[in-house]
Every structure is written in structure tokens, then in C-alpha cells.
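First comes the structure, then the notes that go with it.
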Amino acid sequence: MTRKANQKRDPRDVPNYTLPEAARWLGLASNTLRVWLRGQDYRTQSGKKHALPVVHPAGEGPLGLSFWNLVECSVLATIRKEHAVSLQKVRSALAYVGKELGMKRPLIEQEFITDGVGLFVDRYGKLIDASRQGQLAMREILSAGLTRIERDEEGLAARLFPWRSDPREPRVVAVDPRIAFGQPILASTRVPIEVVFDRFRAGDTISHLAEDYGVEQSKIEDLVRKWFGPAAA
């Protein structure tokens with residue numbers, strides 16, 4: 001890609017993250033994310049086949065993932081929470097949604113919230129033979145996951161609030177390509193969470209950190225409880 005072409009590329013679609021970073025921030029196993037991004041070989045009676053990726057990385061090097069890739073994988077994580085992910089069936093359902101809505105990457109666009117969720121749930125539910133109750137549960141959790149995304153005036157994903165155990169949990173961490181070079185920050189501030197972790201490791205108390213950053217103490221407590229340690233290593 002030429003420099004001129006790169007300048008025209010939306011910064012949200014520029015490779016900026018490694019696979020291990022993305023997995024850590026999204027609370028996913030690296031192997032799971034690798035399958036979503038690179039596909040997976042599997043054996044059938046007729047021989048070995050390859051399942052294609054569900055999400056296509058923005059680049060080919062170590063820093064291969066873009067902000068929009070993070071958003072796509074975050075939405076997929078909400079699907080994984082309710083049902084075991086089958087690449088073939090998820091891909092088929094997303095292809096159906098993309099065709100119906102006339103878009104190549106529905107997970108990063110506003111229309112997926114308004115029209116695509118219903119289409120996806122209906123298509124995916126039929127593929128996995130989900131009950132009506134199961135489809136309602138899927139729609140609820142997927143809709144909750146989509147509230148973790150803030151969008152620009154054109155309806156494209158502009159900020160992501162990753163979650164740890166439930167997409168309905170408080171927004172503690174944000175990823176914004178315009179702040180801190182796209183590294184995770186303490187929500188409602190411009191402070192990278194790694195800075196908070198470093199200070200906590202050095203002995204700063206939760207109350208002291210909350211006072212310094214002008215946030216509720218519960219937000220620091222939540223950050224330390226859910227994100228500090230192995231998840232932040």
C-alpha cells in the first residue's frame with residue numbers, strides 16, 4: 001500500500017494490535033481468536049478441509065488487527081457466550097445478513113443493531129435448531145453486546161467498551177483509536193489502564209487512584225478485580 005493510499009484509509013481500519021493483545025482485552029483465549037481470524041483445518045470422511053476465517057484481519061504482520069477487527073471480535077464474543085461458536089454457521093449467518101443489508105462488514109455498522117440482529121438470530125437459530133426461547137436469549141445477549149459500541153454520525157463503530165463476564169456489566173474500560181494510540185483506557189478518562197495497574201502494583205490505594213483520576217472508587221475496584229493480574233499481564 002502506498003503512503004498516499006494509507007493516508008486515505010480510515011484509522012479505525014489500520015493494523016495496530018497484535019492477536020495476544022486483542023485476546024487479552026476481549027477476555028478470549030488466544031487459540032479461539034486465532035481460529036476466528038485465520039480459520040481452522042478439520043477432518044471429514046472425504047479428507048481434510050479448511051474452515052475460512054469469520055473476521056478478516058486488516059494486516060498480515062504481527063500488528064495485524066485494527067480497531068474495527070476488535071469490534072467485530074467483541075460482537076462474536078457475545079455470540080460465543082450464549083452458544084458454542086461454529087465458524088461455518090456463524091459465517092453463513094453473517095453472509096446472509098450482509099447480503100440482506102447490502103454490506104460487507106455488518107458487525108461494525110449501525111444497521112446491524114436495527115435490522116441485522118433479528119436477521120442474524122433468525123438465520124443462526126435455524127442453523128443450530130435453536131428453540132424460540134433460545135433465540136430470544138441469543139437476541140438479548142447480542143443486543144447487550146452491541147450497547148458496548150459507540151458509533152459516529154455515519155453509524156460506524158468509533159469506540160468500544162470491552163467486557164469481562166457479562167456484556168451488561170458497567171463500562172470500566174474503553175478503546176478509542178483517537179486516544180492513547182488506541183490502547184485501553186479507564187473509561188471517562190484518557191488514562192491507559194496499564195498506567196493504573198502500574199500505580200496499583202507500586203502500592204497506590206484504590207481510593208487514592210479514584211481521587212487522582214476523578215472517578216468513582218467502585219470503577220477502580222471493578223477495574224482491579226476484573227482486569228488486573230493474569231488478564232493484564
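Miscellaneous remarks
- Looking only at segment 18-39, residues that are assigned to a helix (DSSP H, G or I), closer than 19 Å to Val173 by Cβ and among the aliphatic types (A, V, I, L, M) come to 5 in all.
- Neighbours by Cβ (under 7 Å, 6+ apart or cross-chain): first from segment 121-142, farther than 18 Å from Ala77 by Cβ; second aromatic (Phe, Trp, Tyr) and part of a helix (DSSP H, G or I): Arg123/Tyr96
- Residues in segment 166-181 that are within 13 Å of Arg225 (Cα to Cα) and under 13 Å from the mean Cα position of the chain (by Cα): Val173 alone.
- Matching entry among Arg139, Arg164 (being closer than 22 Å to Met103 by Cβ and among the basic types (Lys, Arg)): Arg139
- Arg43 being of a type in the set (D, E, K, R) and buried (at least 16 other Cβ atoms within 10 Å of the Cβ): no
- Single condition Phe120 does not satisfy, out of (1) in the same structural domain as Leu33 (by TED's automatic domain parsing); (2) aromatic (Phe, Trp, Tyr); (3) farther than 21 Å from Leu37 by Cβ: (3)
- Within the option set Gly59, Gly134, Gly118, Gly64, being out of contact with any strand residue (DSSP E or B) (no Cβ under 6 Å at 6 or more places or on another chain), small (Gly, Ala, Ser) and more than 24 Å from Ala157 (Cα to Cα) holds for one residue only, Gly134.
- So Ala174, is it modelled with pLDDT under 95, of a type in the set (A, V, I, L, M) and under 19 Å from Leu65 (Cβ atoms): no
- For Ala180: the one exception among (1) on the phi > 0 side of the Ramachandran plot; (2) among the hydrophobic types (A, V, I, L, M, F, W, C); (3) in contact (Cβ under 8 Å) with a residue 60 or more places away in the chain: (3)
- None of Val90, Val117, Val71 is surrounded by 16 or more Cβ atoms within 10 Å (Cβ to Cβ) and either on the phi > 0 side of the Ramachandran plot or modelled with pLDDT under 90 (or both) except Val90.
- Hits in segment 40-93 (condition: of a type in the set (Gly, Ala, Ser) and assigned to a helix (DSSP H, G or I)): Ser74, Ala77, Ser92, Ala93
- Pick from segment 94-106, criterion among the aliphatic types (A, V, I, L, M) and in a helix (DSSP H, G or I), ranking: farthest from Glu150 (Cα to Cα): Ala95
- Boolean, Phe161 is touching a residue at least 12 places away in the same chain (Cβ under 8 Å) and either small (Gly, Ala, Ser) or outside the structural domain of Ile108 (by TED's automatic domain parsing) (or both): no
- Only one entry of Arg151, Arg105, Arg132 meets the criterion of being within 19 Å of the chain's Cα centre (by Cα), surrounded by fewer than 18 Cβ atoms within 10 Å (Cβ to Cβ) and in the same structural domain as Trp36 (by TED's automatic domain parsing), and that entry is Arg151.
The values are calculated or read from the model by the stated rules, or taken from the named source; none is laboratory data. Everything numeric in this text was worked out from a predicted model, so none of it was measured. Here Cβ is always computed from backbone atoms with ideal geometry, including for glycine, and neighbour counts include all displayed protein chains.
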